[in-house]
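The block underneath contains the structure these notes are about, expressed in structure tokens.
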Amino acid sequence: MPAVQETIEQVSAIDVDKYKYGFFTEIESELAPKGLNEDIVRYISAKKNEPDWLTSWRLEAFRRWQTMTEPTWARVDYPPIDFQDLHYYSAPKKTAGPKSLDEVDPELLRTYEKLGIPLREQELLAGVEGADKPRVAVDAVFDSVSVVTTFKKELAKHGVIFCAISEAVREHPELVRKYLGSVVPTTDNYYATLNSAVFSDGSFVYIPKGVRCPMELSTYFRINEKNTGQFERTLIIADEGSYVSYLEGCTAPSRDENQLHAAVVELVALDDAEIKYSTVQNWYPGDAEGKGGIYNFVTKRGDCRGRNSKISWTQVETGSAITWKYPSCILRGDNSRGEFYSIAISNGKQQVDSGTKMIHLGKNTTSKIISKGIAAGKSDNTYRGLVQIGRKATGARNFTNCDSLLIGNQCGAHTVPYIETKTSSAVVEHEATTSKISDDQMFYCLSRGLDEEEAIALIVNGFVRDVLQQLPMEFMVETQKLIGISLEGSVG
Amino acid sequence: METSDPMGTTTVLRTPAEETLLKRYPAEKASLPGAPAVASLRDGAFAAFEKVGLPHRRVEAWKYTDLRANLRTIAAPAGAPDHGRVQALPPAVPGDGARRIVVANGRVLADLSDLAGLEPGVSVRSLADALTHADAAVLAALEPIAEAADNVALAVNTAFMSDGVVVTIADGVRLERPIEIAHVTDGETAAATAVRNLVMVGAGATATVIETVESTSAAAHQSNIVTMMVVGDGAAVDHIRLQLEPFEAVSLTTLTVSIGANARFETFNAALGAGLARAQVFARFTGAAATGAFRGATLLSGRRHADTTLVVTHDAEGCESRELYKAVVDDEAKSVFQGRINVPAHAQKTDARMMTASLLLSDGAEAYAKPELEIFADDVQCGHGATCGALDDDLLFYMLARGISKTEAEKLLIIAYLGEAIDEVHNEAVREMLIHRIEAWLGKRVG
């Protein structure tokens, strides 16, 4: 059956022509010359005062990138990108040097205020919205640089390192050197290799042994300058027995041109550690005619390196003209767990090709994939996922549930799951029927008086809702509404 | 394999198997049956093959079955079969009462075929004859449906097809006896065959078509069999393919079918033989309110590799399709299932369910599944499921606790598991034969 009215209304509320974050901040920026060559790579490295090893690491990646060809397997269609027609570095002029809030350009602070991202710690503490609101440390990345990171001192008291990655390269080179590229190698894929050559800024997080990070960590990415590409690099390491919840948000001005965002995110969870990584992806999606918008070509991967470690990805994807993104888990440690919860809503002429990879290598590893794709307008929404059970992953377990919903008949929903099993003791289930989530859970909910629809929403979204309530962003309310979207009429 | 040099030009390195095919076609084409019209069809198909070569793992549709790597050599074209040996082969489906037509070494053998007293409205001919006489209806029917258009196995078959069976069933005819096309490869040395069958069932007609694929020896034969079916409006057709070759063989089978309005079509593929097997199904609903069922069972042991690839397009409103494929994988065998359901925007009220399951009996066994959906219509019901795992320990324990031996318990569970697919086969003789074969296979398993 077709989608229910309530769903149609909720989806139309976030249609591409209602993008609220499309304003541009007039701010003087320092731009690298257009184009990409070894000099530009050196220029970026020099701008960041990087040590020699990192400069050669970048150059090596750049040389390899030149030998690679753009991947074409995703179900997305776009004109060829002219990689020489971009500025690979753009930084607001007044932010050079040490960063304290007083030194930050007030224009920048106003931009973040407008986006609903409070950067002043005291404002947060004395927030009118109630003192019980959870505190969130924010790293604000504006084009190619991190402009400010809040709560650093308080976090440092717990031994937590939370800073821009360029700062981490200077302050904690041993950690960066040990882990950078260890999850997503520079040779990984076209866009990850490009990122390795020209990455500008992003966040670095290190949670020491046994520490439960005292607050949510968050990075807010803003693309502002035109003709630029943003190449963020994020690296999160959770040492033995630690826990961190990390949130990521992003927006960009409305422009007729397409802008490239090619990020790499690496997560490392050691023994008994847990990382929760949540994304609200709200890049400019282009207009109703498909003009403009961000190309979001992102490589995100978590490595459950230790025993009993856990990584969970949650994503709410509403923005970007084109999304190409597969947050993955390598379940290397015995008993490690990977989770992927995704809601991808496409509208206008957006194209989404997203999903996950769960690579089971260790014994008794478990993974869960819950994906909802909602296509409206003239958009295309593809779930593409891989579940791979290696020969040594005895006792591994996977459960996958992906649903798609179409609103109107000018859009498309596609499901492309790959399931590869090499051990007989693994149990892999891929299910696209909404009524078969888990009979036990369903029965429990139904016996307590919930109707089936509510029960499904509760089971599928319980976790997602839990995380999203923590989001420090103005559009949290909208996001929550999206999570409540009915599955009724889903086509499998 | 393609290599790119720094100048950006691409050179194509041919494998020995590709080299053989490239040399063979120009040498053989003059002796292949058909009028000039067929020659140009063959040339076109061969050119399509020449352009891409044998498919390999970077070709998405062949991701898990790398022909370029696995097909090391191409066997010599099959010579004339020994009629006595072919005749001596026991019937694959005892007691099915079928009208048996024998295609041995790529030739229809009229003397071994049961062509007497054909029902009115039914014609059975040799494809080679039809091609030689440039039969317009047959030539038109050779055109593949869109789903199969760029398939390399089909293109190679078109280039080299030597013969096959052309069955035409007139409107409204109800066939009492099934038609069985028995494909046999005979000879002690490895031989290659390319057979093309056409089955055209008229409106409102009813028919059962059974295909068996066998050989008289354990030579490393290579067979490439394509069956193209047209199911008329309101017709009811059951198709069964029994893949029974020895494990030395390479078997490529393709079924293309277009299904008319209000028709019922069911196909079942039993992949019980060949060391490297790929069964392809390309189906298209061309009229509204038809139903289709696509099922199969695969039994694999040793180092065998079996691939089931299925593409079903709902090109009309209100059609229903059911897909169910089950595999049992032992030793170091590999099972592959790729299925895709296409639902274009105009195919509203489509109801499609695809399910695949793999049972892994050994730690060296592997299963690959890719159940895809492509949906452009908003008022449809489409689902897919895929599972993979070992036998349920609880069920085994239950039986062991009741004094049933482990071997017997496993056997019961495996038969029950495959039963879900096999029970849907309408032909009783085929069902019995399948159960018999499965029991024999299980009996041979080393506990």
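The values are calculated or read from the model by the stated rules, or taken from the named source; none is laboratory data. The structure displayed is predicted, hence computed values, not measured ones. Positions of Cβ are generated from backbone atoms using ideal geometry, with glycine treated the same way; all protein chains shown enter the neighbour counts.
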### Query
Quick one: is B:E214 assigned by TED's automatic domain parsing to the domain that holds B:L154 and assigned to a loop (DSSP other than H, G, I, E, B)?
no
### Query
Hey, A:G385 hits all of (1) surrounded by fewer than 23 Cβ atoms within 10 Å (Cβ to Cβ); (2) over 24 Å from A:Q259 (Cα atoms); (3) not β-branched (V, I, T) but one; which does it fall short on?
(1)
### Summary
Exactly one of A:V352, A:V428, A:V387 is in contact with a Cys (Cβ under 6 Å, 6 or more places away or on another chain) and either within 13 Å of chain B (Cβ to nearest Cβ) or among the β-branched types (V, I, T) (or both), and that residue is A:V428
### Message
Take the conditions within 29 Å of B:D82 (Cβ to Cβ), surrounded by fewer than 24 Cβ atoms within 10 Å (Cβ to Cβ) and over 16 Å from the mean Cα position of the chain (by Cα) and apply them to B:A218. Does it pass?
### Response
yes
### Query
So which residues in region A:288-322 are outside any strand (DSSP E or B) and on the phi > 0 side of the Ramachandran plot?
A:G290, A:G292, A:N308, A:S320
### Task
May I ask you to list the residues in region B:213-245 that are among the acidic types (D, E) and more than 29 Å from B:A137 (Cα to Cα)?
B:E214, B:E245
### Residues of region A:370-399 that turn out to be at pLDDT below 90 and hydroxyl-bearing (S, T, Y), as a count
2
### Task
Can you tell me which residue within region A:149-179, out of those that are within 20 Å of the chain's Cα centre (by Cα) and closer than 22 Å to A:A32 by Cα, is surrounded by the fewest Cβ atoms within 10 Å (Cβ to Cβ)?
A:I165
### Query
Does A:S182 satisfy being surrounded by 15 or more Cβ atoms within 10 Å (Cβ to Cβ), under 21 Å from the mean Cα position of the chain (by Cα) and among the hydroxyl-bearing types (S, T, Y)?
no
### Task
Can you give me the number of residues within region B:403-443 that are of a type in the set (D, E, K, R) and in contact with a Ser or Thr (Cβ under 8 Å, 6 or more places away or on another chain)?
0
## Note on the structure
Requiring at least 3 residues that are within 21 Å of B:V199 (Cα to Cα), the helices (runs of 4 or more DSSP H) wholly within region B:74-158 are B:127-132, B:136-141
### Task
Within region B:116-157, track down each residue that is more than 19 Å from B:W62 (Cα to Cα), modelled with pLDDT of 95 or more and among the polar types (S, T, N, Q).
B:S123, B:S126
### Query
Can you pull out the residues in region A:390-410 that are at the interface with chain B (Cβ under 8 Å from one of its Cβ atoms) and either out of contact with any Lys or Arg (no Cβ under 6 Å at 6 or more places or on another chain) or assigned to a strand (DSSP E or B) (or both)?
A:S404, A:L406, A:I407, A:G408, A:N409
### Task
Determine whether B:R99 is in the same structural domain as B:A45 (by TED's automatic domain parsing) and touching a helix residue (DSSP H, G or I) at 6+ places or on another chain (Cβ under 9 Å).
no
### Conditions (1) more than 20 Å from the chain's Cα centre (by Cα); (2) assigned to a helix (DSSP H, G or I); number of the one not met by B:A61
(1)
### Task
Just give me the residues in region A:370-380 being more than 10 Å from chain B (Cβ to nearest Cβ), surrounded by 19 or more Cβ atoms within 10 Å (Cβ to Cβ) and not aliphatic (A, V, I, L, M), in sequence order.
A:S371, A:K372, A:G373, A:G377, A:S379
#### Entry: Hits in region B:359-390 - residues which are closer than 30 Å to B:K411 by Cβ and either more than 7 Å from chain A (Cβ to nearest Cβ) or not in a strand (DSSP E or B) (or both)
B:L359, B:L361, B:S362, B:D363, B:G364, B:A365, B:A390
### Summary
Those residues of region A:44-69 that are hydroxyl-bearing (S, T, Y) and buried (at least 16 other Cβ atoms within 10 Å of the Cβ) come to a total of 2
#### Entry: Criterion (without any contact (Cβ under 8 Å) to a residue 12 or more places away in the chain and out of contact with any Phe, Trp or Tyr (no Cβ under 6 Å at 6 or more places or on another chain)) met by exactly one of B:P94, B:P77, B:P90
B:P90
### Message
When the residues of region A:350-369 are narrowed to those that are surrounded by fewer than 22 Cβ atoms within 10 Å (Cβ to Cβ) and farther than 23 Å from A:D188 by Cα, which ends up modelled with the lowest pLDDT?
### Response
A:K368
### Message
Checking the condition closer than 26 Å to B:G389 by Cβ and in contact (Cβ under 8 Å) with a residue 12 or more places away in the chain, which residue from B:A306, B:A377 passes?
### Response
B:A306
### Qualifying residue in region B:161-171 (condition: under 27 Å from B:W62 (Cα atoms), of a type outside the set (S, T, Y), out of contact with any Lys or Arg (no Cβ under 6 Å at 6 or more places or on another chain) and crowded, with 24+ Cβ neighbours inside 10 Å)
no
